[in-house]
Amino acid sequence: MTDPILEISGLSISFRTPRGAVRALRDVSLAVPRDRVVGVVGESGCGKTTLISAVLALLAENAVVEGGTIRFEGEDVLAMDPGALRALRGRRIAMVFQDPMTAMNPVLSIARQITDIQYRDDASPAAKRERAVAMLRRVGIADPEQRIDGYPHHLSGGMRQRVSIAMALLMNPSLLIADEPTTALDVTTEAQIVRLIESLRADFRGSILFVSHNLGLIAELCDEVVVMYAGEIVERGDVRAIFRDARHPYTRLLLECDPARLEQRRRQLPTIPGTVPDLARLPQGCVFAPRCPIALDACRAGPIAPVVVGPGREARCIRALET
Amino acid sequence: MVSVAAAAAGEESRGASALRRLLRDPLGAFGLALVALIVASALFADVLAAYQPTQLDIRNRLSEPTTLHWLGTDQLGRDTFARVVYGGRIALLVSLVSVGLSLTVGLVLGMLAGYGPRWLDNLLMLAFDAVRSFPTIMFALAVVTLIGPSLETVILIVVVTSIPVYGRIVRTQTLSLKTNEFVLAERSLGAGPIRVLFHHVLPNVIGPVAILASMEVPVVITIEAGLSFLGLGVRPPTPSWGSILNDGYAFVRDTPWLIAAGGLPIILTTLGFTFLGEALRDIFDPRLGRER
């Protein structure tokens, strides 16, 4: 296997706030290999969005990178100057956002926006438009010649998400980041978008970093999965191995709480008791220890290092190797 | 599919439908008519007026309105009608030039303040506040005393005092737009700050600011007339509504039509632009007056 397209190692990011430093990401390491789909899963506020903002170097002003590197195709993203970053974004890494309702400029026509993002090309406006129409047809927009002259509010949510995907893929990036691309859509539309992403994998040559809190989607779309909790990666590895035999108690509880995996009817959905810790006042040891059903005293003593639990698999738990 | 095509067609004729709605609004139609009248009289001043506005005729001074001098003559025998229509040129020139300039500069500074680094925002807001903390007329008096009265001085005063008005509005709009996801989406696709500002922020802020500008035109006209009335505006003998008013003021007992000739155009223009601006705001601002 060649070098991974995206390699993050030991990344720690905190936000300066009036309450003190909020340590949003701590010692995050992951790799996205070529032509693979890597899923990132975790609760709201676990650092998923911070992670992908860091990859595009689009962090908020009060964010501080405390350590670690992000290497994209061998280049250090965090050391790039603004010009190199702009060349990176869009052309080599593209992103699809969560809410298609707000991800497009409401006062510009779709044609204007979708030809606008090809500004680095010398092609004639007609050629750009033609390429845009072809891409819209590819993502399943009926009548793209007419639709392209409409405005975002003329389209439904699912249609808009298709247009966003078309815009992201237009420059043929080697990495596509999808930030919960179906969360804002209803279930049927979600299924259509998932089908679309699956079908695009066939002719889109590149890797996908797929962020979601929907375990079912991750299982369906991804090759590998990264489970995040309170700013740390608690478990990562092959998606089927993790879904079959999760080694971290958080992953296990998460899987138990997935409504799609419940084995019998229950009056109440199971939940994980407790809440995510305050990222400004982290517990001393394992971040999950306060909610963990199998925590030992040793878990609260000091930081936990990731444990290799199989080929390409890691879990950040001292009891990961117990059966 | 049909509805999409129809919507697209509706989008294309947005200008035409706005005009239709404007004409249906009685005040808007009245405002548009007044503005058209004033603009036409200023444009065709040399055709409409039989005399030059600065042509003296001392023997005929303070003449009553006659068929030759429709609005009479002033104390130097100049034809008042000619001075009124040529004064319209000055009023419109001052207002359009200064509104255009302050709109442009205000837009750019406002976008920079809203999108740029924090220190630039603080600096620009400090400058805006400093300018706005002077009463306009006191500021104008100080500037005229320093650099002398002229057409350019009037424009300078108006531009400097109204840049903060546009700048503040544009800054606020930019601040709220920049947190919008579509700006983040554009940046994630490689757009730099210039591209984000001019391709994405500008089309979103131009509407409200243009309406504000149309409401600013009458304000500028009254400032120009006010300064000229005080003798601090355009230099005589260049005609201005303010100086016509001032000339007539001295002879108000004998020739009241001079006051009317200077005052009525100011009132009509102010009314016209205000009605037009308000009607446009109602049409283009979706938060105000729904279908009326």
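Among helices (runs of 4 or more DSSP H) lying entirely in the range B:191-290, which contain 1 or more residues that are closer than 22 Å to residue B:65 by Cα?
Per the criteria, B:241-250, B:256-284.
Among the residues in the range A:42-49, are any within 16 Å of the chain's Cα centre (by Cα), of a type outside the set (S, T, N, Q) and part of a strand (DSSP E or B)?
There is no residue in the range A:42-49 that is within 16 Å of the chain's Cα centre (by Cα), of a type outside the set (S, T, N, Q) and part of a strand (DSSP E or B).
Go through (1) without any contact (Cβ under 8 Å) to a residue 12 or more places away in the chain; (2) buried (at least 19 other Cβ atoms within 10 Å of the Cβ); (3) aromatic (Phe, Trp, Tyr) one by one and return the number of the condition residue B:70 breaks.
(2)
Select from the range B:129-155 the residues that are closer than 20 Å to residue B:106 by Cα and part of a helix (DSSP H, G or I) and list them in ascending order.
Result: B:129, B:130, B:131, B:132, B:136, B:139, B:140, B:152, B:153, B:154, B:155.
For residue A:197, state whether it is hydrophobic (A, V, I, L, M, F, W, C), assigned to a helix (DSSP H, G or I) and over 25 Å from residue A:109 (Cβ atoms). Let's see the steps before the verdict.
On the way: hydrophobic (A, V, I, L, M, F, W, C): yes; assigned to a helix (DSSP H, G or I): yes; over 25 Å from residue A:109 (Cβ atoms): yes.
Yes.
Could we say that residue A:163 is more than 13 Å from every other protein chain (Cβ to nearest Cβ) and in a helix (DSSP H, G or I) here?
Criteria not met by residue A:163.
If you take the residues in the range B:157-189 that are surrounded by fewer than 17 Cβ atoms within 10 Å (Cβ to Cβ) and in contact (Cβ under 8 Å) with a residue 24 or more places away in the chain, which one is farthest from residue A:104 (Cα to Cα)?
B:172
Yes/no matrix, rows are residues, columns are (1) aliphatic (A, V, I, L, M); (2) under 23 Å from the mean Cα position of the chain (by Cα); (3) over 23 Å from residue B:213 (Cβ atoms); (4) at pLDDT 90 or above:
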residue: B:122; (1), (2), (3), (4): no, no, yes, yes
residue: B:125; (1), (2), (3), (4): yes, no, no, yes
residue: B:129; (1), (2), (3), (4): no, yes, no, yes
residue: B:132; (1), (2), (3), (4): no, yes, no, no
residue: B:136; (1), (2), (3), (4): no, yes, no, no
residue: B:141; (1), (2), (3), (4): yes, yes, yes, no
residue: B:146; (1), (2), (3), (4): yes, no, yes, yes
residue: B:155; (1), (2), (3), (4): yes, yes, no, yes
residue: B:159; (1), (2), (3), (4): yes, yes, no, yes
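Using beta carbons and a limit of 9 Å, which pairs, at least six apart or on different chains, have the first residue in the range A:212-232 and farther than 14 Å from residue A:259 by Cα and the second one polar (S, T, N, Q) and part of a loop (DSSP other than H, G, I, E, B)?
What qualifies is A:212/A:182; A:212/A:183.
Residues that are touching a helix residue (DSSP H, G or I) at 6+ places or on another chain (Cβ under 6 Å) and small (Gly, Ala, Ser): find the helices (runs of 4 or more DSSP H) completely inside the range A:210-265 holding 1 or more of those. Break it down into steps so the answer makes sense when it comes.
Numbers: elements: A:215-221, A:239-244, A:249-257.
Counting at least 1 such residues, we get A:215-221.
Do we find that residue A:96 is without any contact (Cβ under 8 Å) to a residue 24 or more places away in the chain, more than 7 Å from chain B (Cβ to nearest Cβ) and either within 19 Å of the chain's Cα centre (by Cα) or closer than 16 Å to residue B:181 by Cβ (or both) in this structure?
no
Of the numbered conditions (1) away from chain B (no Cβ under 14 Å); (2) free of Cβ contacts under 8 Å to residues at least 24 places away in the same chain, residue A:145 fails exactly one; give the number of that condition.
(1)
Inspect all residues belonging to the range A:56-63 and state whether any of them is farther than 20 Å from residue A:170 by Cβ, free of Cβ contacts under 8 Å to residues at least 40 places away in the same chain and within 13 Å of chain B (Cβ to nearest Cβ).
Yes, the range A:56-63 has at least one match.
What's the number of the condition residue B:42 fails, among (1) in contact (Cβ under 8 Å) with a residue 24 or more places away in the chain; (2) out of contact with any helix residue (DSSP H, G or I) (no Cβ under 6 Å at 6 or more places or on another chain); (3) not aromatic (Phe, Trp, Tyr)?
Exception for residue B:42: condition (2).
Out of (1) in contact with a Pro (Cβ under 7 Å, 6 or more places away or on another chain); (2) assigned to a loop (DSSP other than H, G, I, E, B), the odd one out for residue A:279 is which?
Of (1) in contact with a Pro (Cβ under 7 Å, 6 or more places away or on another chain); (2) assigned to a loop (DSSP other than H, G, I, E, B), only one is false for residue A:279: (1).
So that you can scan it fast, the table gives a plain yes or no per residue for (1) crowded, with 22+ Cβ neighbours inside 10 Å; (2) out of contact with any strand residue (DSSP E or B) (no Cβ under 6 Å at 6 or more places or on another chain); (3) away from every other protein chain (no Cβ under 14 Å); (4) of a type in the set (Lys, Arg):
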residue	(1), (2), (3), (4)
B:191	no, yes, no, no
B:195	no, yes, no, yes
B:203	no, yes, no, no
B:217	yes, yes, yes, no
B:227	yes, yes, yes, no
B:251	no, yes, yes, no
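Checking residue A:171 against (1) within 18 Å of the chain's Cα centre (by Cα); (2) buried (at least 17 other Cβ atoms within 10 Å of the Cβ), only one condition comes out false. Which one?
(1)
Any idea how many residues of the range A:60-77 are surrounded by fewer than 18 Cβ atoms within 10 Å (Cβ to Cβ) and aliphatic (A, V, I, L, M)?
Of the residues in the range A:60-77, 3 are surrounded by fewer than 18 Cβ atoms within 10 Å (Cβ to Cβ) and aliphatic (A, V, I, L, M).
Looking for something farther than 27 Å from residue B:224 by Cα and small (Gly, Ala, Ser) - is there at least one such residue anywhere in the range B:115-130?
Looking for residues that are farther than 27 Å from residue B:224 by Cα and small (Gly, Ala, Ser), one finds at least one in the range B:115-130, hence yes.
Could you please let me know if residue B:126 is within 14 Å of chain A (Cβ to nearest Cβ) and either part of a loop (DSSP other than H, G, I, E, B) or not basic (Lys, Arg) (or both)?
no
Restricting attention to the range A:20-35, does a residue exist that is of a type in the set (Asp, Glu), within 21 Å of residue A:237 (Cα to Cα) and crowded, with 18+ Cβ neighbours inside 10 Å?
yes
Mind checking which residues of the range A:110-134 are within 8 Å of chain B (Cβ to nearest Cβ) and more than 13 Å from residue A:167 (Cβ to Cβ)?
Of everything in the range A:110-134, just one residue is within 8 Å of chain B (Cβ to nearest Cβ) and more than 13 Å from residue A:167 (Cβ to Cβ), namely A:120.
Condition first: farther than 23 Å from residue B:188 by Cβ, in a helix (DSSP H, G or I) and within 14 Å of another protein chain (Cβ to nearest Cβ). Can you find one or more residues in the range A:148-156 that meet it?
yes
The values are calculated or read from the model by the stated rules, or taken from the named source; none is laboratory data. In this text, all values refer to a predicted model and were calculated from it rather than measured experimentally. Every residue, glycine among them, receives a Cβ derived from its backbone with ideal geometry; neighbour counts consider all protein chains shown.
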